[in-house]
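What follows is calculated from the coordinates using simple rules that are stated; it is not laboratory data. Since we're looking at a predicted model, the values are computed, not measured. Every residue, glycine among them, receives a Cβ derived from its backbone with ideal geometry; neighbour counts consider all protein chains shown.
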2 protein chains.
Amino acid sequence: MIIDCHGHYTTAPRELELFRDRQLAGLADPSRKLAAPAPEISDDQIRESLEKAQLRFQRERGTDLTIFSPRASAMAHHVGTAATSRHWSRVCNDLIHRVCTLYPDNFVGVCQLPQSPGVAPADCVEELERCVTELGFIGCNLNPDPSGGWWKEPPLTDRWWYPLYEKMVELDVPAMIHVSSSCNPCFHATGAHYINADTTAFMQLLLSRDLFKDFPTLRFIIPHGGGAVPYHWGRYRGLALDMKREPPFEKLLDNVFFDTCVYHLPGIELLTKVVPVDNILFASEMVGAVRGIDPDTGHHFDDTKRYIDQIDALSETERHRIYEGNARRVFPRLDARLKERGM
Amino acid sequence: MIIDCHGHYTTAPRELELFRDRQLAGLADPSRKLAAPAPEISDDQIRESLEKAQLRFQRERGTDLTIFSPRASAMAHHVGTAATSRHWSRVCNDLIHRVCTLYPDNFVGVCQLPQSPGVAPADCVEELERCVTELGFIGCNLNPDPSGGWWKEPPLTDRWWYPLYEKMVELDVPAMIHVSSSCNPCFHATGAHYINADTTAFMQLLLSRDLFKDFPTLRFIIPHGGGAVPYHWGRYRGLALDMKREPPFEKLLDNVFFDTCVYHLPGIELLTKVVPVDNILFASEMVGAVRGIDPDTGHHFDDTKRYIDQIDALSETERHRIYEGNARRVFPRLDARLKERGM
């Protein structure tokens, strides 16, 4: 089967956005009350939002299951208070749960965390636990910069984050490191902030001597093909050697994985050439940052399966690991679920 | 000939650093006075600092001329005031001028600009003009984030920067977009901040509809192989199409160039595959961010000439453009200088 490890509910019914507007309006004018604690969205609306988008692309491209989370750019952890973020995260995660319940063969959930700038990540433990144990989610998205482009939180290797990591390890769920929108005018969200965050997070992990000693089973996925990292693989190997990193660079790959959201063939060629196959998880992030068709190929830029299928250097076993095996290893709760279904 | 368009004086005699210490000590304790307005460094000290490093590598690797500028990480525009930055830039640029005077066949100067957070770039015009017209420099390094990792300046496409661009156009000199050290603990300097800045700057330029209409001959070099950009070439082409960029994406390449500071063969393969040859300028940034030897090849990571020489897909004419032709086109003052010498 083909598992896409990176999809967001970017096509959610408009009611979700209207709910968010009312929620934020209440910050500006506390006399406003929310009519209901969650948007009213029917099952049919959910079906319609997916049938013409994610489900259609799954069918057309021949992928099976998408690891699905709330829209990343809408997490907007920098807006409002910790209470705002808690409520909004709960609403978004509940909606993902409804998607996964309606289409259990097509979607499995990953949660948004109720992060808030300057608020200890310990505050996210409760929602993570709820999503995993009650809603059947298999991972979370972790924002290394809840300030939205101002980078005021400690690096991901700081003990500040440890309470969240303890819960992730206990639940045996990985995190995809994924920022949200940028409110810094220097950074375009999907063209700079996303990619920079991937690169930044990898370098933070490379600098740490303790994190993966303290949490040997902690696992991170760096999305968007790892930002700039595979393209600069020599730089990172060289920096690790110059700083006499111990454990060595390669050891980092026990805990750090890359997705395949790279939207052209030469990029995927590079990724699969330099990053060990066991560290690559198939992903497209459809429907996401780039929605158009490449005039040079006649296919969607984000149809990443086409690129991987064209890499002759990959054996069938290797391709299988990228498409399925690695995702089942990095997301053990998914593997267990699939095994229950005899898959 | 082979022109390396990206080298910094990272091996400057220790007197330069001691001078900087005294300068900054004077900020903390204004009663301290500098003994002299510049460090006392002899010609022999300069020769010694280069013979064992940059000149040795030029000889060993078979490169001829390095476009040379002050150490990027030491620019530290975020430290002190605009006056601090002016004095420090002048000292550093004067030292580069001495290098270029001692070794006119091996080095040609590019200047550090006396930027300071929140201070209008118009303030840099005088030093740029001095360096170009009096010292014979051929370009400048422009820091898109003089705050050192907090990204508080307007994007490079903002009119805020226009007075500097006017002078660059008048003098017909390009800028390499290059940040300095990071004082944001999230960003490792050479492993994150440098690469992020390259990616960020490219995306800023991609978003602009006016900059290169207003300055049709303005030219920027994005160093470190363009950050993440070539690896995500499909993403950028797709974003440009999605936003119906006008002029089209390809038009941006009239004004934007990439260097070859990518420290492994697959990265250089990708760069030369996706970026038009006319937009690639040879560079190594030696002696710079990565100083070690790759145990897999037995050669220095930053010996980028080796990688380019291995790209069979490049014709000899194309290789010549990367090694020499493009640099002479992007730096017309260098071209004029070389022609004077009959080269």
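Need one word for the stretch A:126-212: rounded, prolate or oblate. Basis is the Cα gyration tensor (sqrt eigenvalues a ≥ b ≥ c); a/c below 1.5 gives rounded, then a/b vs b/c decides. Mind dumping the intermediate values first?
On the way: a/c = 2.26, a/b = 1.44, b/c = 1.58.
Oblate.
To the nearest µm²/s, what D does Stokes-Einstein give for the protein assembly as shown at 25 °C and 0.890 mPa s, using the Kirkwood radius over alpha carbon pairs as Rh?
Values: Rh = 26.2 Å.
Reported coefficient: 94 µm²/s.
Jot down the radius of gyration and Dmax of the stretch B:3-46, Cα atoms only, both in angstrom.
Final numbers for Rg and Dmax: 13.6, 46 Å.
In whole percent, what relative contact order does chain A give with Cα contacts below 8 Å and a gap of six or more residues?
Taking the mean separation of contacting Cα pairs over the length of chain A, I get 17 percent.
For B:Asp29 and B:Leu253, FRET efficiency with R0 = 51 Å and r from the beta-carbon atoms, rounded to 0.05?
Result of the calculation: an efficiency of 0.50.
Taking neighbour counts of Cβ atoms within 10 Å as a proxy for exposure, in what order, fewest first, do B:Ile195, B:Ile221 appear?
Placing the least packed residue first, the sequence is B:Ile221, B:Ile195.
What does the structure give for B:255-264 when I average, per residue, the other chain Cβ atoms found within 10 Å of the residue Cβ?
Mean number of neighbouring Cβ atoms from other chains: 3.
Once you have a ≥ b ≥ c as the square roots of the Cα gyration tensor eigenvalues for the stretch A:235-343, tell me rounded if a/c is under 1.5, and otherwise prolate or oblate according to whether a/b is larger than b/c.
It comes out oblate by the Cα gyration axes.
State the volume of the convex hull built on the alpha-carbon positions of chain A, expressed per residue in Å³ and rounded to an integer. Before the final figure, lay out each step's value.
Numbers: hull volume 46.4 nm³, N = 343.
Dividing the Cα hull volume of chain A by its residue count gives 135 Å³.
In the neighborhood of B:Pro144, defined by Cβ-to-Cβ distances under 12 Å, what is the net charge if each Lys or Arg adds +1 and each Asp or Glu adds -1?
-3
Taking K and R as +1 and D and E as -1, what net charge do the other residues with C-beta under 12 Å from the C-beta of A:Thr217 add up to?
Summing Lys/Arg as +1 and Asp/Glu as -1 gives -2.
Within 10 Å of each candidate Cβ there may be at most 15 other Cβ atoms; applying that plus a DSSP loop requirement, which GluC sites (Glu not before Pro) in the stretch A:86-170 survive?
Sites meeting the loop and neighbour criteria: none at all.
Per-residue Cβ counts within 10 Å, from other chains only, averaged over A:274-280: what number is that?
Neighbouring Cβ atoms belonging to other protein chains average 1 per residue here.
Multiply the residue separation of A:Arg22 and A:Met1 by 0.36 nm, subtract the distance between their alpha-carbon atoms, and state the gained length in nm to one decimal.
On the way: separation 21, 0.36 × 21 = 7.56 nm, distance 4.10 nm.
Length gained, A:Arg22 through A:Met1: 3.5 nm.
How many angstrom lie between the C-alpha centres of the stretch A:187-218 and the stretch A:225-241?
After rounding, the separation between the Cα centres reads 12 Å.
List, in order, the whole-Hz ³J(HN,Hα) value for each residue of the stretch A:127-142 obtained from phi through the Karplus relation with A = 6.51, B = -1.76, C = 1.60 and θ = phi - 60°; use x for Gly and Pro.
5, 4, 5, 4, 5, 6, 7, 9, 9, x, 6, 10, x, 9, 9, 10
Give me the inter-chain shielding for B:284-294: mean count of other chain Cβ atoms within 10 Å, whole number please.
That average works out to 3.
If you find the alpha carbon centre of the stretch A:94-125 and of the stretch B:135-169, how far apart are they in angstrom?
42 Å
Once you order the gyration tensor axes a ≥ b ≥ c over the Cα atoms, which shape class does the stretch A:1-109 get: rounded for a/c under 1.5, otherwise prolate or oblate by comparing a/b with b/c? Don't jump to the answer; show the numbers that get you there.
Working: a/c = 2.75, a/b = 2.07, b/c = 1.33.
Prolate shape, in that a/c is at least 1.5 and a/b is the bigger ratio.
Taking θ as phi - 60°, what are the ³J(HN,Hα) couplings along the stretch A:290-297 by the Karplus curve (6.51, -1.76, 1.60), each to the nearest whole Hz, with x for Gly and Pro?
Rounded to whole hertz, the list is 10, 10, x, 9, 6, x, 6, 10.
Packing-wise, with mean Cβ within 10 Å as the measure, how do A:80-86, B:312-318, B:38-44, B:83-89 rank, highest first?
Descending mean neighbour count gives B:83-89, A:80-86, B:38-44, B:312-318.
So the label point goes 7 Å from the Cα of B:Glu126 along Cα→C-beta, right? Which residues of the stretch B:65-82 then have their backbone N under 17 Å from it?
Of the residues in the stretch B:65-82, B:81-82 have backbone N under 17 Å from the label point off B:Glu126.
Rounded to the nearest 500, what is the 222 nm mean residue ellipticity of the protein assembly as shown from helices alone, with -39500 (n - 2.57) per DSSP H run of 4+ residues and division by all residues?
Values: 28 runs with 262 residues, N = 686.
Helix-only estimate at 222 nm: -11000 deg cm²/dmol.
Any idea how far the Cα center of the stretch B:17-70 sits from the one of the stretch A:247-312, in Å?
43 Å
To the nearest 0.05, what FRET efficiency results for A:Asp158 and B:Ala336 with a Förster distance of 35 Å applied to their C-beta separation?
The pair A:Asp158/B:Ala336 has a calculated efficiency of 0.10.
If the cut-off is a Cα-Cα distance under 22 Å, which lysines reach A:Lys152, setting aside same-chain residues fewer than 8 apart in sequence?
Partners found: B:Lys152.
For B:Leu281, enumerate residues with amide H under 5 Å from its amide H, sequence gap 5+ or separate chain, H modeled in the peptide plane.
Sorted by chain and number, the residues that satisfy this are B:Phe258, B:Asp259, B:Thr260.
How much FRET efficiency would the formula 1/(1 + (r/R0)^6) give for B:Asp43 and A:Lys213, where r is the Cβ-Cβ distance and R0 is 51 Å, rounded to 0.05?
It comes to 0.50.
Could you order peptides B:97-109, B:4-16, B:253-265 by the average number of other Cβ atoms within 10 Å of their residues, highest first?
Numbers: B:97-109: 18.7, B:4-16: 22.1, B:253-265: 23.9.
The packing order, highest mean first, is B:253-265, B:4-16, B:97-109.
Taking θ as phi - 60°, what are the ³J(HN,Hα) couplings along the stretch B:208-215 by the Karplus curve (6.51, -1.76, 1.60), each to the nearest whole Hz, with x for Gly and Pro?
So the Karplus estimates, Gly and Pro as x, are 7, 9, 10, 3, 8, 7, 5, 10 Hz.
Sorted by average packing, counted as other Cβ atoms within 10 angstrom per residue and highest first, what order do B:199-206, B:45-52, A:237-244 take?
B:199-206, A:237-244, B:45-52
What's the local net charge at A:Ser180, with K and R +1, D and E -1, over the other residues with C-beta under 12 Å away?
My count for the surroundings of A:Ser180 gives 0.
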